[in-house]
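Student: Before I ask anything, let me first share the structure, which is written out below as C-alpha cells.
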Number of protein chains: 2
Amino acid sequence: MSIAEIAKRSRIAARELALASRGLKDAALHAMADALGTNGLEILAANERDMERGRAEGMKPGLLDRLQLTEGRLAGCADALRELAGLADPVGEVVRGSTLPNGLKLTQVRVPMGVVGMVYEARPNVTVDAAGLGVKSGNAMILRGGHAAEFTNAAIINALREALAGVGLPGDSVQTIDPLGRDGVTELLHARGLVDLVIPRGGAGLIQTVVREAQVPVIETGVGNCHVYVHKDADLTKALPIVLNSKTHRPSVCNAAETLLVDAAIAPDFLPTAFQTLSDAGVKFHADARALALVPAGIAAERASEEDWGREYLDLEMAVAVVDGLDQAIAHIQRWSTGHTESIVTGSLGAAREFTERIDSAVVMVNASTRFTDGGQFGLGAEIGISTQKLHARGPMGLAELTTTKWIVMGDGQVRE
Amino acid sequence: MSIAEIAKRSRIAARELALASRGLKDAALHAMADALGTNGLEILAANERDMERGRAEGMKPGLLDRLQLTEGRLAGCADALRELAGLADPVGEVVRGSTLPNGLKLTQVRVPMGVVGMVYEARPNVTVDAAGLGVKSGNAMILRGGHAAEFTNAAIINALREALAGVGLPGDSVQTIDPLGRDGVTELLHARGLVDLVIPRGGAGLIQTVVREAQVPVIETGVGNCHVYVHKDADLTKALPIVLNSKTHRPSVCNAAETLLVDAAIAPDFLPTAFQTLSDAGVKFHADARALALVPAGIAAERASEEDWGREYLDLEMAVAVVDGLDQAIAHIQRWSTGHTESIVTGSLGAAREFTERIDSAVVMVNASTRFTDGGQFGLGAEIGISTQKLHARGPMGLAELTTTKWIVMGDGQVRE
C-alpha cells in the first residue's frame, strides 16, 4: 500500500475512533494488553529474528538492549496499556466557554488530532506505547518503528489490531509503514492534508531529518543539553545530591544534566567535593580553566573546548564551568541551552525569581533534579515525548497534547449585524 | 542586514520585551497610537507613493482599496492599538499547576513565543495590528508586508519604533524585512532556531507557499470553504436569515459561506425562496441537478461542476446542493471542507449533536451565521488570524495563541529515587 492509501484508511478509522466512548476505548486497551500476553510467543520469536539480524549486522550492545524483548518486558508493556485505561479521557474536555452578549453559547472542546504519525528508532515498547496513547486519545496512529525492529513491530501490531477489531474498533487505528522503508517516511512527512501531525522520537539526527523534511505539522522532541547552576547562596548540602542525581541517575536520557555551572564565590568550597562525588559515580569531566584548578589530585579531567558547552553527552560525562554570578550563568545558558530543562540551586528568593523569569526553557527548576522533567513525574499519567519546541506543546507531552480543540457555537438563529 | 542579523536583534529585543510589565507595554501601545497621529502626514504621503505605483502597475481596484490609507483609516489603526492596551496581559497567566507527592510545586505559565514572523499582503492596517499584538504578547515581530506597501510599511514601522524607544522598550521589537524582497521571505522561513513562529496571512497561494517552504514552525490561517446545512427539521424562518447573512454579510472574507446544503425533504419549500432572496442580494449560483430544478424562473444559475464544491469564491457566488439527510450532508462536508466553519440549521437535538460531534472543523455551529467565527465576536479581544490547522491553535487566534508556556518547578532539594 502507498502512504496515501494507508493514510486514507487511517482517516476512516480516526473518524470512528473520535466518536468512541471512553468505555469502549478502555476495553480496547485491556484487550490490547491481553493480546500481548496471548501472542507472546510469536512476538518474542519475531523479536529473536530481529535480534539475530542485529547481531549479524554488528548492532551496538546498547541498541540491541533497547531492541530486545523478554517476557518481563512484554508484561511491562501490557501493564502500561492497562494503566492508560485508568487515565481520564482527554476527548470531550471543555477547555473554556462563554455566553456572548447576543446569546450564542461558545464552548471550546478537546477533540482528537485525527491521524498521527510517529517515527522512532527500533524500540518495540514505543510501538505499544504509541498505539495505546493513540487509542486513548482517539487518534489513528501510523507507526514507523525502524528497520531493525521490523519483525517485532509487525508481530506486535498484528496482535494489537486483532484486539481492536475484537472489541469493535477499527484495526486500522494502528498501522505500520515499516515495510515501506525510508521512502515511506519521506512520503509520510510530505502527506499534507492526509496526516495531522508527525512526532519524531529518537536521537538528534532523526529529529533534525524529520523537521527538515516535513511539510506536515511536527512536534520536535527530546534533545536536552540541561544545566544545573549552583548559585552562591545555595545550600551546598542540597546542591550536591541535586547535581549527582541530575547527572548520574540515568545518564542516557534527555533530562540528564550535561553542564554544571558554579558561582566563583563558592566554587572552592563546592567543586572539589562535587568532582570527588561525581567521579566516584564514574563521571568524567570537561572543565574550564577555573574549574580545572579545583579538580582534586587523582581525578582525570580535561580542559573543555567550546564544543563541550553545546554537547549532549548522554553518558557519564559532564561539562563544568565557574561563572561570576547569576548574569553570567544566565548568559551561558541562553547561549548553549537546547531549551529542555535548567535548574538553579539557591536559597535566594531574588535569584530564583530572576532565573525562572529569564531562562526560556520548557522546564525551569529551583532546587530540584533535572530528572523530574517527565510526564509520569509531572502527574500527566503517560508521556509520548518531551517537546522542546514552543508551538502546541512544551515540555512533557501527555494525552492532552495529542488532542486539538474545536469550538462549538450553539445559537438560536443569530446573524451578524 | 541579513535575516540572521535581523533575527539576532529580534532575539535581544524579545528577551527584554518578555520581562516588560503590562504597564510598560500598555504605555508603549498608547505611544504607538499617538505616533500614528503625529506622523500621519509622512505615513499618508508614503502611502500615496505606494498607491501611485500600484495604479501605474495596474493593480486591481480591490487591492488598491486594501492598500489605501486615509486619515480615518489611520485613526482606526490607532484606536485598535489603544483597545489592545485595555486587554488583559496573556503573559504570566497560570494555565495549570499542582503540588506533587514529593512536595515539588509545579506551575505552567504563559510566556511569549519569542521571535514571531508575519508574512502578509499589502495591507498597512495589518502592519499596525501585528506590531501591537506583538508588543502586548511580549513577542518581537519580524514583518513582511509585501512589496506593494513597502513605502507605507516603512513609514509606519519607523513611527512605531520611535514610539517604543520613547517609552524605553527596544525599537527592534518591530522590524521589517520588506527591503529584502522575496529572498528575505525564503530566508525567514528557513531560519530554524532564530525564529520561533511564522504566521502567513493572506490568500491561499501565499499560505501554501509559506507552509511548503517553511522549516520553522508555522500556523496556517484562513482558507475557508464554509458550509451551511439546512436540515429537514430546521425552522425555515431562521434558516433564511442565517444563509443570507453567512453568504452576503461580507463575501470577501474567510468566514463567509461558500456552499449551501439543503435536505431533499424541505428543498421544495425552502430553496425557491432562498434562491430569490440571495439573488436579490446579488448572489450567483452553482447548483446540482436537484437544486437547479428549484431555481425560480428569471434567476440565472449554472450547473455546479465537481470543482465548485471545493471553491472558496470569496464573492457573491454560492454552490448549492440538495442532500438526502444528515449522513449525506456530513459526508459532503467531510469531503470538501477546509476545516474552517460549518453551520447546521435544525430544531432537532439529535441532529445538532451528531453534526457537532462528527464534523471536524475549527468551528461547528448550530443555528448561527458562519460570520461569527471571529476573534472579536468570540470575545478574544483581538485577532491575528483564524487557524485552520490543528496544532497549537484552531479557529480565531487572539493574544493567548501568540504565547507558549513554560513549566516552573519549585523544590527544596528533591532528587529522583
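FYI, it's all coordinate maths here, none of it is from the lab. In this text the structure is predicted, and so the values were computed from the model without any measurement. Please note: Cβ atoms are built from the backbone with ideal geometry, for glycine as well, and neighbour counts cover all protein chains shown.
Student: What residues of region A:209-235 lie in the reach of a label at A:A264, counting those whose backbone N is under 17 Å from a point 7 Å from the Cα along Cα→Cβ?
Tutor: Under 17 Å, as judged by backbone N against the label point of A:A264, lie A:230-233 of region A:209-235.
Student: So for the pair A:L100, A:A56, with labels modelled 7 Å out along Cα→Cβ, what separation do we get in nm?
Tutor: 6.5
Student: If you don't mind, another one. How shielded is B:391-397 by partner chains, expressed as the average number of their Cβ atoms within 10 Å of its Cβ atoms?
Tutor: 5
Student: Related question: With both partners inside the protein assembly as shown, how many of the DSSP beta bridges are antiparallel, as a percent to the nearest 5?
Tutor: Taking every DSSP beta bridge within the protein assembly as shown, about 30 percent pair in antiparallel fashion.
Student: Rank B:G114, B:L64, B:N102 by how far each Cα sits towards the positive end of the charge dipole of region B:51-123 (+1 on Lys, Arg Cβ; -1 on Asp, Glu Cβ) and give me just the farthest.
Tutor: Checking the options against the dipole of region B:51-123, the answer is B:N102.
Student: Something else: Let me spell out the model: positive unit charges on the Cβ of Lys and Arg, negative unit charges on the Cβ of Asp and Glu, origin at the Cα centre of chain A. What dipole size does that give, in debye rounded to 20?
Tutor: I would put it at about 900 debye.
Student: Let me ask something else about it. So what's the gap between the Cα centers of region B:281-346 and region A:336-357, to the nearest angstrom?
Tutor: Answer, in whole Å: 57.
Student: Hey, if you put +1 on the Cβ of every Lys and Arg and -1 on every Asp and Glu Cβ in the protein assembly as shown, which of A:P296, A:G166, B:G222 ends up farthest toward the positive end of that dipole?
Tutor: Farthest towards the positive end: A:G166.
Student: Once you average over the residues of A:100-107, how many Cβ atoms of partner chains fall within 10 Å of each Cβ?
Tutor: Across A:100-107, the average partner-chain Cβ count within 10 Å equals 4.
Student: Relative to the longest principal axis of chain A, what angle (0 to 90°, nearest 10) does the C-alpha long axis of helix A:326-336 take?
Tutor: Helix A:326-336 sits at roughly 50 degrees to that axis.
Student: Moving on. Any chance you could give the angle, 0 to 90 degrees and rounded to 10, that helix A:267-280 forms with the longest Cα principal axis of chain A?
Tutor: Value to nearest ten degrees: 60.
Student: Please give the helix A:204-213 orientation as an angle from the longest Cα principal axis of chain A, in degrees from 0 to 90, rounded to the nearest 10.
Tutor: With both axes taken from Cα atoms, the answer is about 50 degrees.
Student: Considering chain A as a Gaussian network with a 10 Å cut-off on Cα pairs, which listed residue, A:A56, A:A400, A:A265, attains the greatest mean-square fluctuation?
Tutor: A:A56
Student: Per residue, how much space in cubic angstrom lies within the convex hull of the C-alpha atoms of region B:303-417?
Tutor: That works out to 199 Å³ per residue.
Student: Next question, about the same structure. For region B:23-64 and region B:181-257, what is the centre-to-centre distance using only Cα atoms, to the nearest Å?
Tutor: After rounding, the separation between the Cα centres reads 25 Å.
Student: Related question: Return the single residue from B:A28, B:A234, B:A382 with maximal mean-square fluctuation; model: Gaussian network over chain B, springs between Cα atoms under 10 Å.
Tutor: The residue that fluctuates most here is B:A234.
Student: Quick check: pseudo-label points 7 Å beyond the Cα along Cα→Cβ at A:A4 and B:H190, how many nm apart are they?
Tutor: If labels sit at A:A4 and B:H190, their model points lie 2.9 nm apart.
Student: Additional query: Hey, rough spin-label estimate for B:Q208 and A:R250, points 7 angstrom out along Cα→Cβ, what's it come to in nanometres?
Tutor: 4.6
Student: Can I ask one more? So what are the three principal axis dimensions of the protein assembly as shown from its Cα atoms, in whole Å, longest to shortest?
Tutor: On the principal axes, the protein assembly as shown reaches 99, 73, 43 Å in Cα extent.
Student: Now for a separate question. For region B:174-235, count the residues as N, evaluate 2.2 N^0.38 Å, and divide the Cα radius of gyration by that value, please.
Tutor: The value comes to 1.63.
Student: Another one. When the Kirkwood hydrodynamic radius is evaluated over all pairs of different C-alpha atoms of region B:295-371, what value in angstrom, to one decimal, is obtained?
Tutor: Kirkwood hydrodynamic radius for region B:295-371: 13.9 Å.
Student: In Å and whole numbers, how far do the C-alpha atoms of region B:144-258 stretch along each principal axis, longest first?
Tutor: 58, 34, 26
Student: Okay, next question. Within 10 Å of each Cβ in A:365-376, how many Cβ atoms from other chains are there, averaged over the peptide?
Tutor: Per residue, the average neighbour count from other chains is 5.
Student: Cβ under 15 Å from A:A33's Cβ, A:A33 left aside: what net charge do those residues give with Lys, Arg +1 and Asp, Glu -1?
Tutor: Neighbourhood net charge equals -2.
Student: Among A:F378, A:F151, A:F355, determine the one that fluctuates most according to a GNM of chain A built with springs between C-alpha atoms less than 10 Å apart.
Tutor: In the Gaussian network model the winner is A:F378.
Student: Using the alpha carbons of region A:1-148, what is the convex hull volume per residue in cubic angstrom, as a whole number?
Tutor: Given the Cα convex hull of region A:1-148, per-residue volume reads 140 Å³.
Student: Which whole-number percent gives the relative contact order of region B:54-156, counting Cα pairs below 8 Å spaced six or more residues apart?
Tutor: 26
Student: At a 10 Å Cβ-Cβ cut-off, how would you order B:E302, B:E383, fewest neighbours first?
Tutor: B:E302, B:E383
Student: Ok, one more. So for region A:235-346, averaging the separation of alpha carbon pairs under 8 Å that are six or more residues apart and normalising by length, what relative contact order in percent results?
Tutor: Taking the mean separation of contacting Cα pairs over the length of region A:235-346, I get 34 percent.
Student: Could you state the number of Å between the C-alpha centres of region B:369-417 and region B:3-18?
Tutor: The distance from the Cα centre of region B:3-18 to that of region B:369-417 comes to 22 Å.
Student: Report, ordered by chain and residue number, the aspartates and glutamates lying within cross-link reach of A:K406, taken as a straight Cα distance under 12 Å and ignoring same-chain residues fewer than 8 apart.
Tutor: Cα-Cα hits under 12 Å: A:E93, B:E342, B:E357, B:D360.
Student: Next question, about the same structure. Largest first and in whole Å, give the semi-axes of region A:226-372's equivalent ellipsoid, each being the square root of 5 times a Cα gyration tensor eigenvalue.
Tutor: Working through the eigenvalues yields semi-axes of 20, 17, 14 Å.
Student: Continuing with this model, one more query. Using the alpha carbons of region A:1-62, what is the convex hull volume per residue in cubic angstrom, as a whole number?
Tutor: In region A:1-62, the Cα hull volume divided by residue count equals 157 Å³.
Student: Quick one: compute the contact order of region A:289-391, relative version, from alpha carbon pairs under 8 angstrom and 6+ residues apart, as a percent.
Tutor: Relative contact order of region A:289-391: 21 percent.
Student: Still on this structure, please answer the following. Before rounding to the nearest 500, sum -39500 (n - 2.57) across all DSSP H runs of length at least 4 in the protein assembly as shown and divide by the residue total; then give [θ] at 222 nm in deg cm²/dmol.
Tutor: That calculation yields -13500 deg cm²/dmol at 222 nm.
Student: Taking the C-alpha atoms of chain A, how large are the radius of gyration and the largest Cα-Cα span, Dmax, in Å?
Tutor: 23.9, 82
Student: If Lys and Arg each add +1 and Asp and Glu each add -1, what is the summed charge of the other residues whose beta carbon sits under 15 Å from the beta carbon of A:T338?
Tutor: -2
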